[in-house]
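Visitor: Supplied in structure tokens, the structure appears directly below.
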Ligand SMILES: Nc1ncnc2c1ncn2[C@@H]1O[C@H](COP(=O)(O)OP(=O)(O)O)[C@@H](O)[C@H]1O
Ligand SMILES: [Mg+2]
């Protein structure tokens, strides 16, 4: 609806969050140091008791020197980061593998959007189809479909689908449900007056779809894309773990998990977190670009 | 939308045919499966496939006709029929092509395995749902509500913490899981922690939004009564926050189980539905995998429905 | 003006014994009964009456948005359906119903896009209409940036964009404040004079009806029917001074009496 109240002033700009955010970051940093010592000292004490030579004498001093710390010390983080990030495009480096996983996820999201649009159109067009399938689509949201990912990965492998594609397919399959439901909701969102208006113009069904329903559904598409992106990322990483993969964050996680290299796991976690944030930010940016007509939040 | 449904409604068919057609289709599919059970693998698979497709078409017409009108049956029957026909058709096709259980298990095989492995699966479900998902859900919700109250009370905290919460809610839990499991051990508590963390963010974000959603006019009204802060909270802020909080809880209820299962992929002490799925995929025990997924789905849907019912109950009372 | 306009002796809208009954869960609602009305080309007709007396229903029947359960209805010399398919009328709804994703200019262009008007014409035509409603400076704005009154003006420009001979308006100024409303009333009268269109206008307000119309159709509720028709003999062009004319009050009283009659 567009019944905007008379000439609303632009929303007043809120004070910047930067300072409080920096403050919280600082507090977290200050907490990190004692937390790290406390988390690692137990293991350090055990190592010392078993007579290992760590080049230090007290548990507290050794807490920053463990080979596989629970929480890495700053120095360990630094070396871990450099060894996993330089050179950035080597097949063993985290940035490269994050790119691979990100690519799989984006491809999956694109596939899921196309499929989602088709399904949403069917749902909106036919009531019988809606009644037959919508309950299951909704139920699928509450079901751990990602649990199917390992199996799907194996199955796709059996049928010779390999490399980049199976992960993208699995990402698509996980992203598909929220997108379809969001799009169906969006295609239905025009208000009755807008539909009546199109009718007074004798608009064809295709025109109603293209000029009214699709534009109206865009905000819904992006909302569901953001939800779907994180889920799809989980899907592609799980798929990487479950298949014989040669690249991707999932492969790195699996390898380092096996090797118990905790510093590497921490570094990969940070890359994975960043990848999730970047993907959602990308979609948010695309959303702002596509839906410029909306009032600023 | 109206166009499509109007055309269908205008078809000169009587909806009374719906149920007989559905029964015919289901019986036919069942019959095919029974016929196929007698032989090892049919020499020619495609005639069977043709039969299945024909029966499915009959079923589709039946579904379409039973979906007419606004009666209770017209709302429920199509969905139920879709599931039943899909399962029956899968059974017949998998048998006709003699697909090995290690690749795609037939629904009947899954049902058998579900029954045979029920003790193990129930125990797995206990670990995954009760100890990990449910406990993590409760802990995460309580922590989230506490954090939200602090954030609303101290504006500076809201501005400092909330942006991080929004940012961190888009972090995939698979990135988090290995580290937490390394730190907290392979036992179930590490998964509980992971679930709690993933529940925390949506609850904080929505609870803060909800606590601030109180209408200024209502707040002014309370001020005009010289109400105490506690009264204002109880009468205005909390009731207006509840719908937001329940939205977060509904979302989290599904996230909790899903994330517990995924977290288990990264290490357990040999319990849990996620563990079961992973280990059985490795040895091509896909019937057990499907059985575990069926169990997880039933639990997931039930938990979601429970939270939704709770929401309706609480919101009606308020 | 459009060539398809009928000769001025034949009514452009003809309503005979029109009846509309809605099926409702608890039985039926008679929204309109025994309605008779002839509208001549170039007239400004107001429909006035309490909520639920069938004003919107009558307008929607004329616009072929719903089909009558009885009686006869001719619009622009044919069935309402034919009138709609010939794009013989523009409809202004109670709410602006703008497309949020189109800016003001593109909202006015919407009917031209739907009707495949030659591309070159669309912009100039839409700009002309925006000038008519005094919004040419806002063509790049989006709906949320406009006040309610401005939005409603956009929707009027949109209804006029394809130059239909008929204009149906359903309480277009109902949600606006008195001052904006009177301004828009003046603008609407000017538009009507300049374009010579036939207007069917729904309102709640007696003074609005008297000020705008050549004839006021008074309707009453339960079941919806036409209680009487009042000819407004105020001279044109009208201005704020017309409101001071003694006849203005006479007409208003007449209408009020008719409304009361239906109420008892
Ligand atoms: N689609 C409909 N279904 C059922 N009843 C309706 C419908 N549209 C209108 N009505 C009923 O018809 C009567 C007239 O409605 P309406 O024409 O909207 O009144 P008005 O515009 O004069 O306020 C009301 O009693 C209303 O409830
Ligand atoms: Mg009305």
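The values are calculated or read from the model by the stated rules, or taken from the named source; none is laboratory data. A quick note: this is a predicted structure, and the numbers were derived from the prediction, not measured. Quick reminder, even Gly has a Cβ in these numbers, built from the backbone with ideal geometry, and neighbours come from all protein chains shown.
Visitor: Within the stretch A:263-271, is there a residue that is within 24 Å of residue B:283 (Cα to Cα) and buried (at least 18 other Cβ atoms within 10 Å of the Cβ)?
Guide: no
Visitor: Can you tell me which of C:233, C:149 is more than 16 Å from ligand 1 (Cβ to nearest atom), surrounded by fewer than 21 Cβ atoms within 10 Å (Cβ to Cβ) and not assigned by TED's automatic domain parsing to the domain that holds residue C:55?
Guide: C:149
Visitor: Something else: Filter the stretch B:172-197 down to residues that are at pLDDT below 90, under 30 Å from residue B:242 (Cα atoms) and buried (at least 24 other Cβ atoms within 10 Å of the Cβ) and give me whichever is nearest to the other protein chains (Cβ to nearest Cβ).
Guide: Applying the filter and picking the extreme gives B:172.
Visitor: Further question: Among the residues in the stretch B:97-105, are any buried (at least 16 other Cβ atoms within 10 Å of the Cβ) and part of a helix (DSSP H, G or I)?
Guide: no
Visitor: Take residue C:210 and decide whether it is in contact with a strand residue (DSSP E or B) (Cβ under 9 Å, 6 or more places away or on another chain) and within 30 Å of residue C:22 (Cα to Cα). Full working, then the answer.
Guide: Details: in contact with a strand residue (DSSP E or B) (Cβ under 9 Å, 6 or more places away or on another chain): yes; within 30 Å of residue C:22 (Cα to Cα): no.
Judged against the criteria, residue C:210 is not a match.
Visitor: Let me ask another. Looking only at strands (runs of 3 or more DSSP E) that lie completely in the stretch C:1-97, which have at least 3 residues being more than 16 Å from ligand 2 (Cβ to nearest atom), over 25 Å from residue C:125 (Cβ atoms) and within 18 Å of the chain's Cα centre (by Cα)?
Guide: It comes to C:13-24, C:27-39.
Visitor: Could I ask something else about it? Only one of A:100, A:24, A:70 is out of contact with any strand residue (DSSP E or B) (no Cβ under 8 Å at 6 or more places or on another chain), surrounded by 13 or more Cβ atoms within 10 Å (Cβ to Cβ) and not in a helix (DSSP H, G or I). Can you tell me which?
Guide: A:70
Visitor: Among the residues of the stretch C:19-48, which ones are touching a helix residue (DSSP H, G or I) at 6+ places or on another chain (Cβ under 7 Å) and within 15 Å of ligand 1 (Cβ to nearest atom)?
Guide: C:20, C:31, C:32, C:35, C:46, C:47, C:48
Visitor: A follow-up question, please. In the stretch C:189-207, which residues are more than 15 Å from ligand 1 (Cβ to nearest atom), outside any strand (DSSP E or B) and within 19 Å of residue C:93 (Cβ to Cβ)?
Guide: C:191, C:192, C:197
Visitor: Looking at the stretch C:164-177, which of the residues that are at pLDDT 90 or above and away from ligand 2 (no atom under 16 Å from the Cβ) is nearest to residue C:55 (Cα to Cα)?
Guide: The selected residue is C:167.
Visitor: Return the pair list, or none, for Cβ contacts closer than 6 Å from residues in the stretch A:230-244 that are more than 10 Å from chain B (Cβ to nearest Cβ) to residues that are in a helix (DSSP H, G or I) and surrounded by fewer than 24 Cβ atoms within 10 Å (Cβ to Cβ), at least 6 apart or on different chains.
Guide: A:243/A:157
Visitor: Test residue B:299 against the stated conditions and say whether it is within 11 Å of chain A (Cβ to nearest Cβ), modelled with pLDDT under 90 and under 20 Å from the mean Cα position of the chain (by Cα). Before you say what the answer is, go through the steps one by one.
Guide: Numbers: within 11 Å of chain A (Cβ to nearest Cβ): yes; modelled with pLDDT under 90: no; under 20 Å from the mean Cα position of the chain (by Cα): yes.
So residue B:299 fails the test.
Visitor: Quick one: in the stretch C:167-178, of everything that is more than 16 Å from ligand 1 (Cβ to nearest atom) and more than 11 Å from chain A (Cβ to nearest Cβ), which residue is farthest from residue C:126 (Cα to Cα)?
Guide: The selected residue is C:178.
Visitor: For the stretch C:66-92, give me each residue that is within 16 Å of ligand 1 (Cβ to nearest atom) and in contact (Cβ under 8 Å) with a residue 40 or more places away in the chain. Before you say what the answer is, go through the steps one by one.
Guide: In the first step, residues of the stretch C:66-92 are kept if they are within 16 Å of ligand 1 (Cβ to nearest atom); the result is C:66-71, C:73, C:80, C:91-92.
Matches in the stretch C:66-92: C:66, C:68, C:69, C:70, C:71, C:73, C:91, C:92.
Visitor: Just give me the residues in the stretch B:17-50 being free of Cβ contacts under 8 Å to residues at least 40 places away in the same chain and over 14 Å from residue B:86 (Cα atoms), in sequence order.
Guide: B:24, B:31, B:34, B:35, B:38, B:39, B:43, B:44, B:46, B:47, B:50, listed by residue number.
Visitor: Would you check if residue B:266 is touching a residue at least 12 places away in the same chain (Cβ under 8 Å) and surrounded by fewer than 22 Cβ atoms within 10 Å (Cβ to Cβ)?
Guide: So residue B:266 does not fit the description; no.
Visitor: Determine whether residue B:211 is in the same structural domain as residue B:261 (by TED's automatic domain parsing) and under 26 Å from residue A:26 (Cα atoms).
Guide: Working: in the same structural domain as residue B:261 (by TED's automatic domain parsing): yes; under 26 Å from residue A:26 (Cα atoms): no.
Judged against the criteria, residue B:211 is not a match.
Visitor: Moving to a separate point now. Give the stretch A:242-262 a look and list any residue that's part of a helix (DSSP H, G or I) and surrounded by 23 or more Cβ atoms within 10 Å (Cβ to Cβ), or say none.
Guide: A:242, A:249, A:250, A:252, A:253, A:262
Visitor: Across the stretch A:199-210, which residue is surrounded by the fewest Cβ atoms within 10 Å (Cβ to Cβ) among those that are in a helix (DSSP H, G or I) and at the interface with another protein chain (Cβ under 7 Å from one of its Cβ atoms)? Full working, then the answer.
Guide: Within the stretch A:199-210, the subset in a helix (DSSP H, G or I) is A:199-200, A:205-210.
Checking which are at the interface with another protein chain (Cβ under 7 Å from one of its Cβ atoms) leaves us with A:199-200, A:205, A:207.
Values: A:199: 16, A:200: 21, A:205: 12, A:207: 17.
Selected residue: A:205.
Visitor: Okay, next question. For residues that are away from ligand 2 (no atom under 16 Å from the Cβ), in a strand (DSSP E or B) and in contact (Cβ under 8 Å) with a residue 24 or more places away in the chain, scanning just the stretch C:226-238, find the one that is nearest to residue C:186 (Cα to Cα).
Guide: C:230
Visitor: Considering only residues that are under 20 Å from residue C:248 (Cα atoms) and within 16 Å of ligand 2 (Cβ to nearest atom), which ones fall in the stretch C:201-223?
Guide: C:201, C:202, C:203, C:204, C:205, C:208, C:209, C:217, C:218, C:219
Visitor: Also, I was wondering about something else. Looking at the stretch A:119-133 only, could you name the residues that are buried (at least 18 other Cβ atoms within 10 Å of the Cβ) and more than 7 Å from every other protein chain (Cβ to nearest Cβ)?
Guide: Listed by number, the residues that qualify are A:119, A:120, A:121, A:123, A:129, A:130.
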